[in-house]
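Colleague: First the structure, which I've put down as structure tokens, then a few questions once you've had a look.
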Amino acid sequence: MDTPFPYSQYVTGKNFVGRKTDVTLLGNLLSQGEHVVMYEPPKTGKTSLVQQALLSMRMAGKPFTVGQFSALNIRTLEDFLLRMGSTVVRMVASTPAEYAAVARQYLSGTHFVFDPTAFADRDQVISAGWELDAEDVKAMLRFPFRLAKERGERLILIIDEFQCVQYQDNPDALLRPLDAAMRSAREAGEKQFSFILSGSAVNAMRSIFESSLLFHRQVERVRLSPVEESEMASHVIRGFLSGGKVLDANLMEGACRLFRGHLWYINHFSAICDSMTRGYIMEPVLVDALGALITIHEPRFTDMMGGLTTHQVNMLRATVDGVTRFSSAEVIRKYGLNSSANVKRVKDALMKKEILRFDEADNPVIIDPLFEYWVKKYFFEVKE
């Protein structure tokens with residue numbers, strides 16, 4: 001069903017709002033064969049940005065082939081390599097005979113094979129014929145580079161939820177060879193293949209691409225630019241007008257401010273408003289729609305708080321109160337944080353749980369804007 005407020009899938013074209021500079025930047029990087037890393041909170045527009053950039057590249061007449069898979073349900077190095085290999089083969093082949101031919105040509109001498117039985121039973125294009133070793137890992141990570149170079153095609157591989165590689169027993173067994181494969185390709189001037197490594201766990205992705213010594217100068221980070229409140233509000237108002245409904249711009253800008261420009265929340269909120277009225281949308285409708293949106297997400301928020309220790313809850317309360325430096329004696333005493341050493345542990349725990357992130361000035365930011373509103377109003381019962 002066509003809706004002016006899509007929130008259940010990525011958006012492109014007329015539904016893509018703002019971030020024109022981001023689209024241009026991403027398209028230019030991919031056209032130049034650069035590897036891109038993106039890490040932003042869930043549902044903030046990463047996929048929409050990628051798809052809009054690819055659409056713009058196609059419209060500009062730039063030929064390329066895209067493959068995509070998610071690391072969300074992958075917990076072993078072998079499964080990652082098999083998923084990657086199968087995805088890459090499908091980018092250039094479409095029949096079992098072609099799959100087998102690509103595997104023979106580019107993966108001979110490794111333990112990777114095309115197994116007709118595995119393909120028939122599990123739709124698995126690449127299988128492991130034997131226990132994998134370090135040379136197999138190296139060969140698979142070099143595979144898309146060789147394929148793109150020898151076929152003279154531009155290939156782009158998108159890996160979603162890349163931070164989940166950290167759940168493997170030894171993440172470095174993948175990350176170090178991946179870094180080496182990128183470096184080797186760069187030194188050889190191979191620019192036909194690009195990775196887009198996308199993740200929704202901001203702190204986990206930062207630990208891979210910022211805190212470690214890996215991927216230095218091998219990947220370019222593309223950040224999601226904030227969408228102006230007025231631009232997002234205008235887009236929403238146009239959506240209401242298409243259905244013969246009217247909403248005051250100031251009210252919508254206030255809603256955009258509450259959601260800190262989080263487009264998924266804004267679209268979902270607007271869709272709820274749209275379903276609740278047939279004419280002029282008054283402030284009580286927006287209040288009721290916000291209540292409905294909170295009701296949908298409240299079980300998740302309750303579960304998040306239930307998983308926190310008392311010290312973690314106390315630090316979250318300090319954040320809500322506007323505290324930015326947690327190690328002072330006064331703050332430790334007031335919020336029951338025990339000691340400066342404990343502050344460090346609690347801070348790390350809240351980052352690991354992707355509840356807090358810290359900006360360039362080391363100020364705490366609650367990642368989810370609706371959770372921030374809920375925890376302030378309903379959990380801590382802070383009065384405005």
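The values are calculated or read from the model by the stated rules, or taken from the named source; none is laboratory data. Because the structure is a prediction, the values reported are computed rather than measured. Cβ sites come from the backbone with ideal geometry, for glycine too, and all protein chains shown count toward neighbours.
Colleague: Among E283, E253, which is the only one that is at pLDDT below 95 and surrounded by 14 or more Cβ atoms within 10 Å (Cβ to Cβ)?
Modeller: Sole residue among the options that is at pLDDT below 95 and surrounded by 14 or more Cβ atoms within 10 Å (Cβ to Cβ): E253.
Colleague: May I pose another question? Counting only residues that are free of Cβ contacts under 8 Å to residues at least 60 places away in the same chain and surrounded by fewer than 14 Cβ atoms within 10 Å (Cβ to Cβ), how many does the range 348-364 have?
Modeller: Residues flagged as free of Cβ contacts under 8 Å to residues at least 60 places away in the same chain and surrounded by fewer than 14 Cβ atoms within 10 Å (Cβ to Cβ) within the range 348-364 amount to 6.
Colleague: Within the range 31-46, how many residues turn out to be farther than 30 Å from V246 by Cα, polar (S, T, N, Q) and buried (at least 16 other Cβ atoms within 10 Å of the Cβ)?
Modeller: Residues that pass the stated criteria total 1.
Colleague: Taking the criterion of being in contact (Cβ under 8 Å) with a residue 40 or more places away in the chain and of a type in the set (S, T, Y), would at least one residue in the range 108-124 satisfy it?
Modeller: Of all residues in the range 108-124, those in contact (Cβ under 8 Å) with a residue 40 or more places away in the chain come to 124.
Checking the rest, the ones that are also of a type in the set (S, T, Y) come to none.
No: zero hits.
Colleague: Follow-up. Taking into account only those residues within the range 1-30 that are surrounded by 17 or more Cβ atoms within 10 Å (Cβ to Cβ) and among the small types (G, A, S), which is nearest to M205 (Cα to Cα)?
Modeller: Among those that are surrounded by 17 or more Cβ atoms within 10 Å (Cβ to Cβ) and among the small types (G, A, S), it is G27.
Colleague: Would you mind finding the one in R104, R90 that is of a type in the set (D, E, K, R) and surrounded by fewer than 13 Cβ atoms within 10 Å (Cβ to Cβ)?
Modeller: Details: R90 fails: surrounded by fewer than 13 Cβ atoms within 10 Å (Cβ to Cβ).
That would be R104, the only listed residue that is of a type in the set (D, E, K, R) and surrounded by fewer than 13 Cβ atoms within 10 Å (Cβ to Cβ).
Colleague: Now a separate question. Return the residues of the range 1-57 that are in contact (Cβ under 8 Å) with a residue 24 or more places away in the chain, hydroxyl-bearing (S, T, Y) and not in a helix (DSSP H, G or I); say none if nothing qualifies.
Modeller: Residues satisfying the conditions are T3, Y7, Y10, T12, Y39, T44.
Colleague: Please go through the range 146-164 and give me each residue that is buried (at least 17 other Cβ atoms within 10 Å of the Cβ) and closer than 23 Å to L107 by Cα, ordered by number. Steps first, answer last, please.
Modeller: The initial filter retains those residues of the range 146-164 that are buried (at least 17 other Cβ atoms within 10 Å of the Cβ), namely 146-149, 154-164.
Within the range 146-164, R146, L147, A148, K149, R154, L155, I156, L157, I158, I159 meet the criteria.
Colleague: Let me ask something else. Quick one: would you say L54 is within 30 Å of K14 (Cα to Cα), of a type outside the set (K, R), surrounded by 15 or more Cβ atoms within 10 Å (Cβ to Cβ) and touching an Asp or Glu at 6+ places or on another chain (Cβ under 6 Å)?
Modeller: Spelling it out, it is not the case that L54 is within 30 Å of K14 (Cα to Cα), of a type outside the set (K, R), surrounded by 15 or more Cβ atoms within 10 Å (Cβ to Cβ) and touching an Asp or Glu at 6+ places or on another chain (Cβ under 6 Å).
Colleague: Right, another one. Can you tell me which residue is nearest to F114 (Cα to Cα) among those in the range 77-101 that are charged (D, E, K, R) and free of Cβ contacts under 8 Å to residues at least 24 places away in the same chain?
Modeller: Keep residues of the range 77-101 that are charged (D, E, K, R), which gives 78-79, 83, 90, 98.
Among the residues that remain, those that are also free of Cβ contacts under 8 Å to residues at least 24 places away in the same chain are: 79, 83, 98.
Working: D79: 15, R83: 13, E98: 10 Å.
The selected residue is E98.
Colleague: When you scan the range 214-250, how many residues do you find that are at pLDDT 90 or above, within 30 Å of K353 (Cβ to Cβ) and in a helix (DSSP H, G or I)?
Modeller: Qualifying residue count for the region: 1.
Colleague: Mind listing whichever residues of the range 305-347 are over 29 Å from the mean Cα position of the chain (by Cα), loosely packed, with under 15 Cβ neighbours inside 10 Å and free of Cβ contacts under 8 Å to residues at least 24 places away in the same chain?
Modeller: S327, S328, A329, E330, R333, K334, S339, S340, A341
Residues checked against (1) among the β-branched types (V, I, T); (2) within 23 Å of R217 (Cα to Cα):
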residue	(1), (2)
R104	no, no
F119	no, no
R122	no, no
I126	yes, no
F143	no, yes
I158	yes, yes
F162	no, yes
N170	no, no
L178	no, yes
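Colleague: Mind listing whichever residues of the range 178-203 are touching a residue at least 60 places away in the same chain (Cβ under 8 Å) and out of contact with any strand residue (DSSP E or B) (no Cβ under 8 Å at 6 or more places or on another chain)?
Modeller: Looking only at the range 178-203, we keep the residues that are touching a residue at least 60 places away in the same chain (Cβ under 8 Å), and these are 182, 190-203.
Across the range 178-203, the qualifying residues are E190, K191.
Colleague: Restricting to the range 178-213, what's the tally of residues that are assigned to a loop (DSSP other than H, G, I, E, B) and buried (at least 19 other Cβ atoms within 10 Å of the Cβ)?
Modeller: If we filter the range 178-213 for residues that are assigned to a loop (DSSP other than H, G, I, E, B), which is where we start, we get 188-192, 200-201, 212-213.
Pick out the ones that are also buried (at least 19 other Cβ atoms within 10 Å of the Cβ) and you get 192, 200-201.
The total comes to 3.
Colleague: Sticking with this one: Would you mind telling me which numbered condition in (1) crowded, with 17+ Cβ neighbours inside 10 Å; (2) at pLDDT 95 or above H262 fails?
Modeller: With respect to (1) crowded, with 17+ Cβ neighbours inside 10 Å; (2) at pLDDT 95 or above, H262 is out only on (2).
Colleague: Are there helices (runs of 4 or more DSSP H) fully within the range 251-367 with at least 1 residues that are under 25 Å from Q9 (Cα atoms)? List them.
Modeller: 263-276, 283-306
Colleague: Mind checking which residues of the range 203-229 are farther than 19 Å from I367 by Cα and among the β-branched types (V, I, T)?
Modeller: V219
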